[in-house]
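The values are calculated or read from the model by the stated rules, or taken from the named source; none is laboratory data. Only a predicted model underlies this, so the values are computations on that prediction, with no experimental measurement involved. Methodologically, a virtual Cβ is constructed for each residue, glycine included, from the backbone with ideal geometry; neighbour enumeration extends over all protein chains shown. Heavy atoms of the whole protein, side chains included, go into the accessibility calculation; ligands, DNA and RNA do not. Shrake-Rupley method; radii C 1.70, N 1.55, O 1.52, S 1.80 Å.
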Amino acid sequence: MNAAGAGKSSANGRLRTLWRFLYLSGVALAVSCWIQSDQLLAAQGARQFKAGAATGNITPWLGISLAGALHDRRAEHIHDELNARCLVLDDGATRLAIVVVDNTIVSQQLWREIKQLTHQRTGIPVEHMLMSATHTHSAPALVKANQMEPDQDYLRLLKVKIADGVQLAINHLAPARIGWGVGQVPEFVFNRRWKMKPGTIVHNPLGGFDQVVMHPPAGSPDLLEPAGPVDPDVSFVAVESLEGRPIALLANYSLHYVGVPAGHVSADYFGAFADHMERLLEVQRQDPPLVGILSNGTSGDVGWRNLRRTLPKADRYHWVDRIAAVVAAEVFRVHQTLEYQDWVSLDVINAELELGVRLPSPGEVERAQRIVDQTEYPLKISPGNRNQALKQYFALETTLLSQYPETLTRPLQVVRMGDLAILAIPNEVFAETGLELKQKSPFGSTFTISLAGGRSYLPPPRHHPLGGFETWRGEHSYLEVQAERKVVGKLLEMLEALKSRRSENALGN
Ligand SMILES: [Zn+2]
């Protein structure tokens, strides 16, 4: 082989190598394009994240019984509309509905009926619905309690309007991105349970004396210290369309409620929050409208007033508006810095927890029955007759509770959106319970929505011997002393289960 031949042969070899290189590169490129387009298609097709929101108007009529007191009060004035605020999220595989209703308490049975109807109308599985009440104290009575009967016509309206609200949210579904954040509003959360100075006489209507008073008189010289902490967080989830149209803001703040004049129908500061969000985001008259939602966090022992001092006299709606404005402004501030994600996976886990009931003993029922027999109901409790009327009220509650079963089940739920977990508890939950759940959660962000299906305060065990309204055994507080520990234990288990399910899922985001 001469040099030239060798040279030619070597040139041919280089050419073949080049062709092979180009061919393989082409194949590699094609394969990589195919993979990329598959991912792209997946991202834009099956894995498209969607959100839609809507409200169902649930304003009642005048004359209806209002919840929120220990006796019947009728609606005399409608100050602002009540709504069921509905958010539907869809990650391409899982569809969730979150509904927050302007009401004080929705019973577990009523939630079941509402979810069933919503499922029939929308196809969303009942287990994929998180429904809770705001705890406004100026809305119709929905349960037979506190010497009141619910209005059957209103119950029908409520069910249909919530199912409608979820369907409208589905009608509004649009490609969307999602983000979440946390702000701080410490100005309006104060523990409302106060330990009183030794020597202060505090009657317990079920007998004996308490160490703690709910809502003692502001500025009282007998105040010692608050009986528990508060949670100043205002957490929120925001969804907006791919063009940047705000779809919904689901916020969560741990304040029980503010309160409006007796006889008024009002969504309290929960409704005013939604108005302020519209104003701050400059989306009034947007089509479809932004749905601002303020859910109740863990606020069973939290009021808005610092009871160390008295406040200057002001109209109740002044405070409703002021607190809503401050909470909304903080959400808006954090919202400006939010990093949205184009897609996150959604998941939900449900459980039923069996809990004991603090049943009265036969002797207690007998004593209570004697008081009931000598009392004319309904009672009106006022500062003038407080001690005596409370004793008679709780005697009736004792006889009602004696009909309860020894145990009952309560639903618990955790919804996951990416690295955010939202817990739903069917009780009036104390701030310290929510703080513990946030601290022990394995997720990046966590918050708790309370009042999600049923009633009964859920005081941590240490609060039972201290006393106070939240612990007095009655239809508002009847679960076993250890109930709160059991609820926290179960929720932490559920969080861990969701966490490991997420790591097993290759697509998990
Ligand atoms: Zn309450």
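For this structure, a couple of remarks:
- Protein accessible area in the chain, 1.4 Å probe - carbon and sulfur %: 53
- For segment 446-460, the residues whose amide N sits under 14 Å from a probe point set 7 Å from the Cα of Arg485 along the beta carbon direction are 459-460.
- Point-to-point label distance, Arg370-Glu81, nm (Cα→Cβ direction, 7 Å offset): 5.5
- DSSP bridge pairs, the chain: antiparallel proportion in percent, nearest 5: 75
- Normalised by residue count, segment 447-509 yields a Cα convex hull volume of 101 Å³ per residue.
- Considered as an equivalent ellipsoid built on the Cα gyration tensor, segment 211-275 has semi-axes of 35, 18, 7 Å, the largest given first.
- Sparse-neighbour loop sites [trypsin sites (Lys or Arg not before Pro); segment 136-165; at most 12 other C-beta within 10 Å; DSSP]: Lys144
- Distance violations [Cα-Cα > 19 Å] among Lys438/Lys499; Lys115/Lys438; Lys440/Lys486; Lys50/Lys499: Lys115/Lys438; Lys50/Lys499
- Qualifying lysines (Cα of each under 24 Å from Cα of Lys380; at least 8 residues distant if same chain): Lys144, Lys391
- The residues packed around Lys486, meaning those with a beta-carbon under 9 Å from its beta-carbon, carry a net charge of -1 if Lys and Arg are +1 and Asp and Glu are -1.
- Taking the helices alone, the chain has a mean residue ellipticity at 222 nm of -11500 deg cm²/dmol, built from -39,500 (n - 2.57) per DSSP H run of at least 4 residues and averaged over all its residues.
- Karplus-derived 3J(HN,Hα), 6.51/-1.76/1.60, for each residue of segment 322-337, Hz, glycine and proline x: 5, 5, 4, 5, 5, 5, 5, 4, 5, 4, 4, 4, 6, 4, 5, 9
- Binned Cα-Cα distances of the chain, short to long, each 20 Å bin given as a whole percent: 21, 51, 17, 5, 3, 1, 0
- 5 angstrom amide H check on Phe430, placed H, neighbours 5+ away: Gly300, Leu458
- Each of Arg245 and Asp287 was given a label point 7 Å from its Cα along the Cα-to-Cβ line. The distance between the two points is 1.0 nm.
- Degrees, to the nearest 10: 483-504 long Cα axis against longest axis of the chain: 10
- Segment 400-417 - phi-based ³J(HN,Hα) in whole Hz, Karplus 6.51/-1.76/1.60, Gly and Pro as x: 5, 5, 5, 8, 6, x, 5, 9, 8, 9, 10, x, 10, 8, 10, 10, 10, 10
- Rounded tilt (10° steps) of 3-44 against the dominant C-alpha axis of the chain: 20
- Rounded tilt (10° steps) of 152-171 against the dominant C-alpha axis of the chain: 20
- Backbone N within segment 64-104 under 18 Å of label point (7 Å from Lys380 Cα along the Cβ vector): 64-77
- Around the amide H of Ile58, modelled in the peptide plane, lie the amide H atoms of Leu82, Asn83, Ala84, all under 5 Å away and 5 or more residues distant in sequence or on another chain.
- The chain, accessible area per residue, ligands and nucleic acids excluded (1.4 Å, Å²): 44
- Between Glu493 and Arg121, the simple label model (points 7 Å from Cα in the Cβ direction) yields a spacing of 3.5 nm.
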